[in-house]
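Novice: Sending over a structure as structure tokens; questions will come in a sec.
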Amino acid sequence: MTVHLETESYKQFQELCLLCRDQKTIGLAFGRPGAGKTEAAKKFAKWTIVEPNVVGVNRALVKPDKLIDCDTLYYLPSITTSATRLRNEIGALRNRFDYALQRVEQQNIPTAYAELLTKRYARLLIVDEAYRLKFNALEELRDVHDDWQIGMVLLGDPAMERGLERQPHFADRIGFVQEFKQLAVSEVNDYIEKQVQGLGLEKPDEEIYAAVFWYTQGNLRTLEKLFKLLDRLIKLNEDKTIKRHVLDAAREMLLYGLNKPFVKRAT
């Protein structure tokens, strides 16, 4: 079951995106793998609405009433992306996005077709896994920012902000930086409660909340994998709640399960 949380990190990321979009500048968000950066980026870009409309041309529009309010592009470069390939791919992505929005507006205002041909709709570009980009590709991205006059947000792993110091021309363009932190204890507890409700289970003991946080350390991706296993094991055992031995069994089936198990200390 997919759980969507309005975490503090997402609220900060949302503010970063709005700031970069409105001021047409470049921002950087960095955090550990699995912290939820990609999910936050796609959520802000409303990518579940945009993506079906940009995968191909001349297809039936998907949710055009909601698509008209979208203004953000999401781009994931490959590990072999060159400067030329980057320019071509994001250029094609932008053109398909504009064409989809033009079709929506043309339905609403059929006589404005000539004006719509020159209109640009994207105001923000989010580049995921930006640490993959080499020097030339980042310089090309800087040129794109200058040419398009839109905001940009780069997503990367910790230490990317320090690595950019070796590229002063690009680093100088970064106006805002945000560290995407892992979930806090209260946010992990909210996640557990939503999963429990979604799976139709009874509220678990307090020990389960503490153990889940200890095992996952607030990493969203690890939480998702853990609860996929828990869902399976609970159904096999025909349980009505999350029990400690089931949680430990799920933990041992994950890579981090090799770590020291959680032991609640006496108070």
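The values are calculated or read from the model by the stated rules, or taken from the named source; none is laboratory data. Computed from a prediction, not measured in an experiment: that's the story for all the values here. Neighbour counts run over all protein chains shown; Cβ positions are idealised from the backbone, glycine included. Calculation scope for accessible area: heavy atoms of the full protein, side chains included, ligands and nucleic acids excluded. Shrake-Rupley method; radii C 1.70, N 1.55, O 1.52, S 1.80 Å.
Novice: To the nearest 20 debye, what charge dipole does segment 63-159 have about its Cα centre, counting +1 at the Cβ of each Lys and Arg and -1 at the Cβ of each Asp and Glu? Don't jump to the answer; show the numbers that get you there.
Specialist: Numbers: 13 positive and 15 negative charges, 46 e Å.
About 220 debye.
Novice: In addition: Once you have the Cα-Cα distance between residue 228 and residue 248, take 0.36 nm times their residue separation minus that, and quote the gain in nm to one decimal.
Specialist: Length gained between residue 228 and residue 248: 5.8 nm.
Novice: Going highest first, how would you order 35-45, 188-198 by mean Cβ packing within 10 Å?
Specialist: 35-45, 188-198
Novice: Aspartates and glutamates near residue 46 by alpha-carbon distance under 17 Å, same-chain residues fewer than 8 away left out - which ones?
Specialist: Result set, ordered by chain and number: 6, 15, 65, 69, 71, 98, 128.
Novice: Calculate the FRET efficiency for residue 235 and residue 48 from the Cβ-Cβ distance with a Förster distance of 30 Å, rounded to the nearest 0.05.
Specialist: 0.60
Novice: Given points 7 Å out from each Cα along the Cα-Cβ axis, report the residue 176 to residue 149 separation in nanometres with one decimal.
Specialist: 2.1
Novice: Moving on. Using a basic spin-label model with each label point 7 Å from the Cα along Cα→Cβ, how many nm lie between residue 62 and residue 106?
Specialist: Rounded to a tenth, the inter-label distance reads 2.1 nm.
Novice: While we're here: Rounded to the nearest whole Å², what accessible area per residue is found for the chain with the 1.4 Å probe?
Specialist: Value returned for the chain: 55 Å² of accessible area per residue.
Novice: OK, next. Treat every Asp and Glu Cβ in the chain as -1 and every Lys and Arg Cβ as +1, leave all other atoms uncharged, and give the resulting dipole magnitude about the Cα centre to the nearest 20 debye.
Specialist: 480
Novice: Once you place label points 7 Å from the Cα toward the Cβ at residue 99 and residue 193, how far apart are they in nm?
Specialist: With each label point 7 Å from Cα toward Cβ, the separation is 4.7 nm.
Novice: Taking the full set of protein chains and a 1.4 angstrom probe, give the accessible area of residue 245 in square angstrom, rounded to the nearest 10.
Specialist: Ignoring ligands and nucleic acids, residue 245 comes out at about 120 Å².
Novice: Quote the FRET efficiency, to the nearest 0.05, computed for residue 217 versus residue 134 with a Förster distance R0 of 35 Å and r equal to the Cβ-Cβ distance.
Specialist: Computed FRET efficiency for residue 217 and residue 134: 0.65.
Novice: Positive end of the charge dipole of the chain (Lys, Arg +1 and Asp, Glu -1 on Cβ, about the Cα centre): tell me which of 82, 72, 40 has its Cα farthest that way.
Specialist: About the Cα centre, the residue reaching furthest to the positive side is 82.
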